[in-house]
Amino acid sequence: MIVLLRQGLSLHEIGRRLGCHASSVLRWRNAWRGGGSGALKAKPIPGRPSRLTAKQRARLVRLLKQGARAHGYRTELWTTQRIAAVIERHFGVTYHRNHVAKLLHQLGWSHQKPERRAIERDEAAIAEWKRAVWPAVKKRRAAGSPPRPYRRIRLPPDSLGSQDLESRRPDARRSASRAS
């Protein structure tokens, strides 16, 4: 951008070449004039500081690697709610379970969602039912029958006849009599 400014190009032309708005070029030019090329460097947005230090985050990863059962849960499933409870228990910091997902993402982890299935579920019986019973229960079109109509049936434009529509218009007779 500095090279283009030194060439004497307009802000709009520079913006077009860089793929941005001229107002952005104006802002960058003013920053460059006020502080040199160092003023154009990207500055990270500070945001709110993390409630866990880097050491605590590393310890959290070690705690999660121990598994959920080591922390008193019946299964090895790490949900955001369980992780939030572990963080509060070990570090005294409360996190909302939605923010725990963001925290895990920053650590390179992901939470697990429990499947909502009955414990008594018999996969082999379900597969057999799908193979033997489902085809007989499922509704199908008879061979050669027309497809089921959708809610809205679109008629081809010529099905109503364009001349029929013309003759039904109240002013159609007047315009026909004037033309003759």
Selection over segment 36-60 where residues are of a type outside the set (Ser, Thr, Tyr) and assigned to a loop (DSSP other than H, G, I, E, B) yields a count of 12
Filtering segment 61-76 down to residues that are more than 32 Å from the chain's Cα centre (by Cα) and assigned to a helix (DSSP H, G or I), which residue is surrounded by the most Cβ atoms within 10 Å (Cβ to Cβ)? His71
Could you tell me which numbered condition Asp158 fails, if it satisfies all but one of (1) at pLDDT below 85; (2) within 36 Å of the chain's Cα centre (by Cα); (3) loosely packed, with under 11 Cβ neighbours inside 10 Å? (2)
I need the full set of residues from segment 51-74 which are touching a residue at least 12 places away in the same chain (Cβ under 8 Å) and polar (S, T, N, Q), in order please. Gln56
Look through segment 126-141, keep the residues that are exposed (fewer than 10 other Cβ atoms within 10 Å of the Cβ) and not in a helix (DSSP H, G or I), and return whichever of them is farthest from the chain's Cα centre (by Cα). Arg141
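Per-residue answers, yes or no, for (1) touching a Phe, Trp or Tyr at 6+ places or on another chain (Cβ under 7 Å); (2) farther than 30 Å from Leu103 by Cα; (3) not polar (S, T, N, Q):
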site	(1), (2), (3)
Ser10	no, yes, no
Arg17	no, yes, yes
Val25	no, yes, yes
Asn30	no, yes, no
Gly34	no, yes, yes
Lys43	no, no, yes
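The rows are residues; the columns are (1) surrounded by 10 or more Cβ atoms within 10 Å (Cβ to Cβ); (2) at pLDDT 90 or above; (3) outside any loop (DSSP other than H, G, I, E, B); (4) small (Gly, Ala, Ser).
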| site | (1), (2), (3), (4) |
| --- | --- |
| Arg82 | yes, yes, yes, no |
| Arg89 | yes, yes, yes, no |
| Gln112 | yes, no, no, no |
| Arg117 | no, no, no, no |
| Ala124 | no, yes, yes, yes |
| Ala143 | no, no, no, yes |
| Pro147 | no, no, no, no |
| Tyr150 | no, no, no, no |
| Arg154 | no, no, no, no |
Can you name the residue in segment 91-105 that is free of Cβ contacts under 8 Å to residues at least 24 places away in the same chain and assigned to a helix (DSSP H, G or I) and, of all such residues, is surrounded by the fewest Cβ atoms within 10 Å (Cβ to Cβ)? Asn98
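The values are calculated or read from the model by the stated rules, or taken from the named source; none is laboratory data. Because the structure is predicted, anything quoted here is derived from the model rather than measured. Don't worry about glycine lacking a Cβ; one is built from the backbone with ideal geometry, like all the others, and counts go over all protein chains shown.
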